[in-house]
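A short write-up of the structure that comes next.
The values are calculated or read from the model by the stated rules, or taken from the named source; none is laboratory data. Predicted model, so just to flag it, every value in this text is computed and none were measured. Neighbour counts run over all protein chains shown; Cβ positions are idealised from the backbone, glycine included. Note: areas computed on protein heavy atoms with side chains; ligands, DNA, RNA excluded. Shrake-Rupley method; radii C 1.70, N 1.55, O 1.52, S 1.80 Å.
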Number of protein chains: 2
Amino acid sequence: MVRVEVKLKKGHFDPEGDVTTKSLRDLGFPVSGVRVSKVYTVELEVNDKERAMSLAREMCRKLLANPTKDDFFIEVLAGEGGVN
Amino acid sequence: MVRVEVKLKKGHFDPEGDVTTKSLRDLGFPVSGVRVSKVYTVELEVNDKERAMSLAREMCRKLLANPTKDDFFIEVLAGEGGVN
């Protein structure tokens, strides 16, 4: 199992974060900014951690992240290279 | 600054995760399932960690999470009760 977090690079406009900031402020919360990112928890049919990390990197490059605007962070979850 | 992760409770249908699973499999990745969650990184104008945690819980209940289908996890980021 791998956990992939995809977040906008600094300086990129985050409309969902801006709307969330406004909504929270309208509700009275003392919030000055919100950034939104996404986490993919992926069950991989591999049992090797290095292989899981390498596949996760490739998944980010090919599908999960946009190299122009996103950064990504991969974590192979402890004790599990895969779940099958 | 607080980090709030909102994820679907177990058993709830995750269409975005299912589409991601299919896309990854179509690309040849050995993936058996994907769950998608969201992370809000919130800049709070408070300097007290307990207060930040309590506000974050309230934000989840009022806006960020749907109590019927979501679980949420809050982390007050180290060294910062707030950023202002």
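Here is how the numbers come out for the structure above:
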read-out	value
Scan of the range B:5-64 for residues that are over 22 Å from A:Cys60 (Cβ atoms), assigned to a loop (DSSP other than H, G, I, E, B) and over 16 Å from the mean Cα position of the chain (by Cα), ordered by number	B:Gly11, B:Phe13, B:Glu45, B:Val46, B:Asn47, B:Asp48
Of all residues making up the range A:18-29, the number that are crowded, with 16+ Cβ neighbours inside 10 Å and within 8 Å of chain B (Cβ to nearest Cβ)	4
Whichever residue in the range A:42-75 is among the β-branched types (Val, Ile, Thr) and open to solvent by 30 Å² or more (accessible area, probe 1.4 Å) and, among such residues, is modelled with the highest pLDDT	A:Ile74
For A:Lys7: the one exception among (1) more than 24 Å from B:Arg25 (Cα to Cα); (2) open to solvent by 60 Å² or more (accessible area, probe 1.4 Å)	(1)
Residue pairs meeting the criteria (Cβ under 6 Å; at least 6 apart or on separate chains; first away from chain B (no Cβ under 12 Å) and touching a residue at least 12 places away in the same chain (Cβ under 8 Å), in the range A:55-74; second open to solvent by 40 Å² or more (accessible area, probe 1.4 Å) and not hydrophobic (A, V, I, L, M, F, W, C))	A:Lys69/A:Lys9; A:Lys69/A:His12; A:Asp71/A:Lys7; A:Asp71/A:Lys9
Residue count, the range A:32-51 (criterion: of a type outside the set (Asp, Glu) and within 19 Å of B:Ser37 (Cβ to Cβ))	10
